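Input: a single structure, listed below in structure tokens.
Just so it is clear, none of the values below were taken in a lab; they were calculated from the coordinates. All values derive from a computational prediction rather than experimental measurement. Cβ: placed from backbone, ideal geometry, glycine included. Neighbour counts: every protein chain shown.
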Amino acid sequence: MKKLSIIVPVYNEKETLLAILEKIEKADALNLKKEIILIDDGSTDGTRKILKNLENKYTVIYHSKNQGKGVALRTGFQNATGDIILIQDADLEYNPDNYPQLLKPILENKTDIVYGSRYIKSGPIPSYLKYRWGGKFINKLCNILYNSHLTDVMTCYKVFKAPILKNLKLKSTGFEFETEVTIKSLKQNHRIIEV
């Protein structure tokens with residue numbers, strides 16, 4: 001494994017975009033070459049102006065109108081050339097300093113998929129209460145239906161060996177992507193490790 005594709009869906013992120021890119025650049029990718037793919041999903045707040053200035057440094061793809069996070073991610077996956085694909089939101093909720101922890105289980109061949117759980121006891125939970133309860137319900141349902149033991153299906157931090165992700169035939173347009181990718185991975189008997 002030589003290359004890490006970091007997929008960053010972007011929608012009206014002018015306040016955080018440059019800060020997250022700086023963190024991604026500095027993050028330790030465990031000797032993997034980083035390919036950073038930014039997908040603008042129809043931003044209207046000035047984000048596109050920032051992205052235009054970044055086209056010579058990153059792969060930047062534009063959707064003419066907002067189609068949803070799932071569509072933006074699928075666009076990113078189609079353009080990724082890395083051996084491993086990592087999803088990174090642009091809103092600074094998730095810290096790229098966690099990349100080594102997320103990548104290590106895949107690089108050590110312990111699993112094909114890693115999720116970065118916000119609910120494993122290691123610090124404060126950065127979610128609003130209503131989303132946390134909804135996420136817990138979805139987790140419970142996935143765990144019952146697919147005999148898994150996940151704590152955070154709705155996490156942004158998802159890391160895959162590229163061939164697995166590209167073979168899942170995803171169709172979601174919005175945030176339901178998180179559930180779809182989890183269920184399809186479990187149905188194909190891929191083990192998901194949470195860190």
Selection status of Gln101, within 22 Å of Ser117 (Cα to Cα) and either of a type in the set (Asp, Glu) or in a helix (DSSP H, G or I) (or both): yes
Neighbours by Cβ (under 6 Å, 6+ apart or cross-chain): first from region 25-39, under 12 Å from Val8 (Cβ atoms); second part of a helix (DSSP H, G or I) and among the β-branched types (Val, Ile, Thr): Ile39/Thr75
Those residues of region 170-195 which are in contact with a helix residue (DSSP H, G or I) (Cβ under 9 Å, 6 or more places away or on another chain) and in a helix (DSSP H, G or I), in sequence order: Phe177, Glu178, Thr179, Glu180, Val181, Thr182, Ile183, Ser185, Leu186, Lys187
Filtered residues of region 155-169 (kept if crowded, with 17+ Cβ neighbours inside 10 Å and either in a loop (DSSP other than H, G, I, E, B) or hydroxyl-bearing (Ser, Thr, Tyr) (or both)): Thr155, Cys156, Tyr157, Leu168
Scope region 84-121; condition more than 11 Å from Cys156 (Cα to Cα), free of Cβ contacts under 8 Å to residues at least 40 places away in the same chain and either under 16 Å from the mean Cα position of the chain (by Cα) or buried (at least 16 other Cβ atoms within 10 Å of the Cβ) (or both); matching residues: Tyr119
